[in-house]
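Novice: Mind having a look at this structure? Questions to follow.
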Amino acid sequence: MSVPAGQKIKTVAENTTSGYISPNQYDIDILHYDLSIDLYPDQRLIKGNATLTGKITNENITSLDLNFYDNLKITGATINGKAVNYERSATRITFPVNEVPKDTFILNIIYEGTPKLVGLSSFVFGNINHQSVVYSLNEPQYASTWFPCDDRPDDKALLDIRITNDSSEVSVSNGKLIDISNQGSRRTYHWKTIYPISTYLICLYSSDYVEFDDRYISQDKSDTMAIKYFVFPKQLNDAKIDFSDHVDMLNFFARTFGEYPFIKEKYGVAEFLWQLGAEEHQTITGVGSIFIGGRKFFDDIYSHELSHQWFGDAVGLTSWKEIWLNEGFASYCEALYAEHVGGSGALRSKMMGKFHKQFLGKIYDPEDLFSQTVYDKGAWILHMLRWEIGDTAFFKSMRNYYETYKYKNATIDDFKKICELVSGKNLDYFFKQWIFNGTGIINEQYSWNVDTEDSDFVLHLDLNQIQTGFEDYKFPLDLEVKFEDNSSQFLKFEVDKREQVFNFKFKRKPVAVIFDPHSWILGTFVAEKKN
Ligand SMILES: [Zn+2]
């Protein structure tokens, strides 16, 4: 998800402790969702038919639980073809133990109603210029407002979705378009996903879209993949200008991290009316219509969402507490793409745009999933990791992480282990101070003076970490020393204590010091006031 600066949304993921996911949901594994969703925008009504194929993974399971909002009226429910009893609560449907099959099950639920509008957007019957726009945005836990599901990010499944609407409307979803069929004035689009997908990434868009295509050729030249754009007719020309960098972005991310994960399906962008940003639905990003302007102003949003196909979609979360793996990564990918286009100056300027003197709370299990802390500080943490272990180890770690966990789910610890293996460095302190324990940023106070010693000049540097919160940050510091003769020298050394004194010997007289001249550190360096 991308939320441009200045927008305020606060989302707290519910988890097992708040009760949205029941313990029994960890004892099932959904393998496939077959969804038929009939849309009646005038009545704000959906008629759904959901068939879930799944497995029981714990024979002592006490009930089969799924997430499903209880305002949707069920007109039929079967397990393995047999009508079953169930109980419902606000966001859950429960099949009692006597209805639970031993191993695999095919569960069918037929339902209808108006999906509740909760969270950021969940399921919306909107309109623009008197034209209907139906769309969904499930992240983090709102898929169950419109279909029954095991709404955990780590229970990935395959998907067939058939969306039916008036034949004037184009209906779009994840994966590949298999078939379009007509029944009188109604039209059905069948989309199929052959790569595992998390429920929060399952989506639906339906409007009078106009469509245009681009083409991406895989890095080994063996596959050609369509890039499909679905936009409102009035914005067609602007969209053609704005979206034109997607091919270059795809090539850049595929070269940097490994091949685009959904190469047999598509990448695409569909316009919707969530005007706070964009959402990385697997193979078909949703972009708010105000983020298409025909001036190429929104590349950061587009590169952010595209990079989520690698980090977030292909490599999925195990828990919402680890949202940094999605949003910190995609935010840093904005900067990496800017670096690819504009060089190191562009990287630095993007990172300074994400620099703030204050960040609230921790990265791990953040108070707000979509906060500046997760996005901007999250991006800085990857930037500092790159400085810490070097470009070669950093990009190799990113590639290995993607290759190892694509189509699966990973944890921060999985990522850390790969970085340690590739770099040969123990990174306990790094992840502790930036992810698991630390809050805020580094604040260093410094003073310095120069002595002579024989024919040498000695620079005495006093560093004093004055941040509250995390005790001692450990980090490699880049220091530029300028000399009397206008020359300069760069020093890289490890800072690892709250108060530290360093001495450096030179043949020339130092006249100035510049801390972190290339902006690798999320910290401030302020000269100590002398009395
Ligand atoms: Zn995002």
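Novice: Which one of the conditions (1) crowded, with 23+ Cβ neighbours inside 10 Å; (2) within 13 Å of the ligand (Cβ to nearest atom) does Ala335 fail to meet, given that it meets all the rest?
Specialist: (2)
Novice: Among the listed residues Glu112, Glu87, which satisfies the condition of being surrounded by fewer than 16 Cβ atoms within 10 Å (Cβ to Cβ) and out of contact with any Leu (no Cβ under 9 Å at 6 or more places or on another chain)?
Specialist: The conditions single out Glu87.
Novice: Additional query: With the requirement that a residue be farther than 17 Å from Glu334 by Cβ, of a type in the set (Val, Ile, Thr), in a helix (DSSP H, G or I) and touching a residue at least 40 places away in the same chain (Cβ under 8 Å), what does region 375-417 give you?
Specialist: Taking region 375-417 as the starting set, the residues that turn out to be farther than 17 Å from Glu334 by Cβ are 387-393, 396-397, 399-417.
If we keep only those that are of a type in the set (Val, Ile, Thr) too, we end up with 389, 392, 404, 411-412.
When the remaining residues are screened for being in a helix (DSSP H, G or I), the result is 389, 392, 404, 412.
Answer for region 375-417, where residues must be farther than 17 Å from Glu334 by Cβ, of a type in the set (Val, Ile, Thr), in a helix (DSSP H, G or I) and touching a residue at least 40 places away in the same chain (Cβ under 8 Å): just Ile412.
Novice: Out of everything in region 198-216 that is free of Cβ contacts under 8 Å to residues at least 40 places away in the same chain and among the acidic types (Asp, Glu), what residue ends up being surrounded by the fewest Cβ atoms within 10 Å (Cβ to Cβ)?
Specialist: Among those that are free of Cβ contacts under 8 Å to residues at least 40 places away in the same chain and among the acidic types (Asp, Glu), it is Asp213.
Novice: Right, here's the next one. Got at least one residue in region 177-197 being crowded, with 16+ Cβ neighbours inside 10 Å, in contact with a strand residue (DSSP E or B) (Cβ under 8 Å, 6 or more places away or on another chain) and in a loop (DSSP other than H, G, I, E, B)?
Specialist: No.
Novice: Hey, any hits in region 251-268 for a residue that's part of a strand (DSSP E or B) and either within 14 Å of the ligand (Cβ to nearest atom) or within 20 Å of Ser218 (Cβ to Cβ) (or both)? If you could, list the steps in order and put the result at the bottom.
Specialist: Keep residues of region 251-268 that are part of a strand (DSSP E or B), which gives 267-268.
Pick out the ones that are also either within 14 Å of the ligand (Cβ to nearest atom) or within 20 Å of Ser218 (Cβ to Cβ) (or both) and you get 267-268.
Within region 251-268, one or more residues are part of a strand (DSSP E or B) and either within 14 Å of the ligand (Cβ to nearest atom) or within 20 Å of Ser218 (Cβ to Cβ) (or both).
Novice: Are any residues in region 41-50 surrounded by 17 or more Cβ atoms within 10 Å (Cβ to Cβ) and either more than 18 Å from Lys73 (Cβ to Cβ) or among the hydroxyl-bearing types (Ser, Thr, Tyr) (or both), and if so, which ones?
Specialist: Hit for region 41-50 is Pro41, nothing else.
Novice: Just to verify a result, which residue in region 276-304, among those that are more than 16 Å from the ligand (Cβ to nearest atom) and in a loop (DSSP other than H, G, I, E, B), is nearest to Ser122 (Cα to Cα)?
Specialist: Ile292
Novice: Let me ask you something else. Please verify whether region 64-71 includes one or more residues that are without any contact (Cβ under 8 Å) to a residue 40 or more places away in the chain, crowded, with 18+ Cβ neighbours inside 10 Å and either of a type in the set (Asp, Glu) or in contact with an Asp or Glu (Cβ under 8 Å, 6 or more places away or on another chain) (or both).
Specialist: Keep residues of region 64-71 that are without any contact (Cβ under 8 Å) to a residue 40 or more places away in the chain, which gives 70.
Then keep just the ones that are crowded, with 18+ Cβ neighbours inside 10 Å; that gives none.
So far as region 64-71 goes, no, none of its residues is without any contact (Cβ under 8 Å) to a residue 40 or more places away in the chain, crowded, with 18+ Cβ neighbours inside 10 Å and either of a type in the set (Asp, Glu) or in contact with an Asp or Glu (Cβ under 8 Å, 6 or more places away or on another chain) (or both).
Novice: Among the residues of region 482-497, which ones are part of a strand (DSSP E or B) and either touching a residue at least 12 places away in the same chain (Cβ under 8 Å) or closer than 14 Å to Ile521 by Cα (or both)? Walk me through how you get there before you give the answer.
Specialist: Our first condition is that a residue be part of a strand (DSSP E or B); within region 482-497, this holds for 482-483, 488-495.
Those that are part of a strand (DSSP E or B) and either touching a residue at least 12 places away in the same chain (Cβ under 8 Å) or closer than 14 Å to Ile521 by Cα (or both): Lys482, Phe483, Gln489, Phe490, Leu491, Lys492, Phe493, Glu494, Val495.
Novice: Then there's this: Any residue that is closer than 17 Å to Ile202 by Cβ, modelled with pLDDT of 95 or more and assigned to a loop (DSSP other than H, G, I, E, B) - is there at least one of those in region 84-92?
Specialist: yes
Novice: Between Lys362, Lys357, Lys350, Lys396, which is among the basic types (Lys, Arg) and within 16 Å of the ligand (Cβ to nearest atom)?
Specialist: Details: Lys362 fails: within 16 Å of the ligand (Cβ to nearest atom); Lys357 fails: within 16 Å of the ligand (Cβ to nearest atom); Lys396 fails: within 16 Å of the ligand (Cβ to nearest atom).
Within the list Lys362, Lys357, Lys350, Lys396, the selection yields Lys350.
Novice: Continuing with this model, one more query. Of all residues in region 305-327 being assigned to a strand (DSSP E or B) and within 13 Å of the ligand (Cβ to nearest atom), which is surrounded by the fewest Cβ atoms within 10 Å (Cβ to Cβ)?
Specialist: Leu317
Novice: So, of the residues in region 499-531 that are more than 22 Å from Gln467 (Cα to Cα) and in a strand (DSSP E or B), which turns out to be nearest to the chain's Cα centre (by Cα)?
Specialist: My answer is Ala512.
Novice: I'm told Phe370 meets every condition in (1) out of contact with any helix residue (DSSP H, G or I) (no Cβ under 8 Å at 6 or more places or on another chain); (2) within 16 Å of the ligand (Cβ to nearest atom) except one. Can you identify the failing condition by its number?
Specialist: For Phe370, the failing item is (1).
The values are calculated or read from the model by the stated rules, or taken from the named source; none is laboratory data. Since we're looking at a predicted model, the values are computed, not measured. For neighbour counting, all protein chains shown are included, and Cβ atoms are generated from backbone atoms with ideal geometry for every residue, glycine included.
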